[in-house]
Every structure is written in structure tokens, then in C-alpha cells.
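Just below is one structure, and these are the notes that go with it.
The values are calculated or read from the model by the stated rules, or taken from the named source; none is laboratory data. All values reported here derive from a predicted model rather than from experimental measurement. Cβ coordinates were reconstructed from backbone atoms using ideal geometry, including for glycine residues, and neighbour counts include every protein chain displayed. Heads up: the accessible areas ignore ligands, DNA and RNA and are worked out on the full protein's heavy atoms, side chains in. Shrake-Rupley method; radii C 1.70, N 1.55, O 1.52, S 1.80 Å.
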Amino acid sequence: MSAIMDKVQEIITAIINLLSYPGIALVMFAENLFPPIPSELVMPFAGFNVGKGEMNLFAVMIAGTIGAVLGALALYYIGMWADETIIRRFIRRFGKFFFISEADIDKTLAFFEKRGEIVVFTGRLIPLVRSLISIPAGMNRMPMGRFLLWTTFGSLIWNGILTYAGIVLGAQWENVLGLVDRYEKVAFAIIGVFGIWFIASRVVKARRNRAQSKQV
């Protein structure tokens, strides 16, 4: 795995060195569509170049954010194409194996309708999730203006943190990967706890319903 990441890092740095700011936008666009390409290797390297005086901080932030937003837009339209109907059809057939029902979809969409801005914004600050969060936004037909606003805002903050880390770490900018990895583990641990709670609550509810049906 380390050898693969080293190769990815080599390709990313080569693209940025060759294309400069358009290269940053291009790789950040690809990073949204293919999450295994880590933004933690893109923006810190750009920040390192800023620290050396070879790049402009403002231009780096603009390029990175444009690429991130364009990638998020592509996934938004994939969510629109996938459509709620396809997801519901899948849940009807296989939802019981995941303890998910159509009622859960209704609740999720209702929550997204009320709190979609916060979901999109916070999602942009969590590795992997930051890409996938655009799909339910598209499925829910979140108004484009709101989607672009909160996606841009979240992407700008995330890119700013990574760029600043690259400036501070300098030649050791690759160490950002380790720091983000720790942050990612904590974030996924929290998500995992909520996931376990969700499944456990569904199991308890299913058993309770079966017990009530036997009594009747």
C-alpha cells in the first residue's frame, strides 16, 4: 500500500509541477470522483510551494476549491441520475439485510431537506465522506445555489487547513498524511458508533414487532 501511495504522490507532484494552478484544480477534481486520490497530498504540496515562494497562496486556494467544487458537482448530478426510485427499489429487495426500510429513507430525506446545508458543509470536512456527500444532495434535489454555497465554503476551509499545514511543515509536507489519518480514524470511529447504535436500535425494534405480532 505504501508503494502505491508513493506512486500516487509522485504522479500528483509531477502534474502540479507541470501544469501549476490548473494542475491543482485537475487533481482536486479527480480526487472528488476517485476518493483514493487523497487531497492530503495535493494541497499540502501546493502549500509547500507557497512557502518556497513558487506559488501564490490566493491562486492555490482558488484553484483547489474550483477543482473540488467541480468534482462535487459531477457527483451531485450522478445522485440526480441515480434517483430516489432506484434506491427505494434496492431497499425494498435488500434493505432487510441492512436493517433499513423505506421509512428510514423518508426520515433521511426529510432530515436532509431541513438540515442539508449543515450535512453538506460538515461532510466536506471529513475524508472520503467529503466526496460521497454530494450524491444524496443530488438525490434530494438540493437547490443548486445552496449546494454550491456550502460545498464551496466547506471545501475552502478544508483546502485552507491542508495548504497551511504544507506551508508550516515545509519539506516535511508529506507528514500531513499521518495527521489526517489520525483525524480520519477519530471521525470514522464516531460514525461507526452511530452506525452500531442505528443497527442495534433496528434489531431491538424488529424483535419487539415480532413479539407483538405473536401476542396478537
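To keep it simple, each residue is scored yes or no on (1) among the acidic types (Asp, Glu); (2) under 14 Å from the mean Cα position of the chain (by Cα); (3) surrounded by fewer than 24 Cβ atoms within 10 Å (Cβ to Cβ); (4) on the phi > 0 side of the Ramachandran plot.
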position: Asn49; (1), (2), (3), (4): no, no, yes, no
position: Gly53; (1), (2), (3), (4): no, no, yes, yes
position: Ala59; (1), (2), (3), (4): no, no, yes, no
position: Thr65; (1), (2), (3), (4): no, yes, no, no
position: Leu70; (1), (2), (3), (4): no, yes, yes, no
position: Tyr77; (1), (2), (3), (4): no, no, yes, no
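Within the range 125-146, the set of residues being part of a loop (DSSP other than H, G, I, E, B), surrounded by 22 or more Cβ atoms within 10 Å (Cβ to Cβ) and of a type in the set (Lys, Arg) is empty. Checking each residue in the range 151-160 for being farther than 12 Å from Leu73 by Cα and surrounded by 17 or more Cβ atoms within 10 Å (Cβ to Cβ) picks out Gly154, Ser155, Leu156, Trp158, Asn159, Gly160. What do you reckon, is Ala103 closer than 30 Å to Pro22 by Cβ and either modelled with pLDDT under 75 or in a helix (DSSP H, G or I) (or both)? The answer is no for Ala103.
For the range 107-124, the candidate set comprises residues that are open to solvent by 60 Å² or more (accessible area, probe 1.4 Å) and either among the charged types (D, E, K, R) or in a loop (DSSP other than H, G, I, E, B) (or both); within that set, the residue that is modelled with the lowest pLDDT is Lys107.
For the range 40-63, filtering for residues that are in contact with a Leu (Cβ under 8 Å, 6 or more places away or on another chain) and assigned to a helix (DSSP H, G or I) leaves 8.
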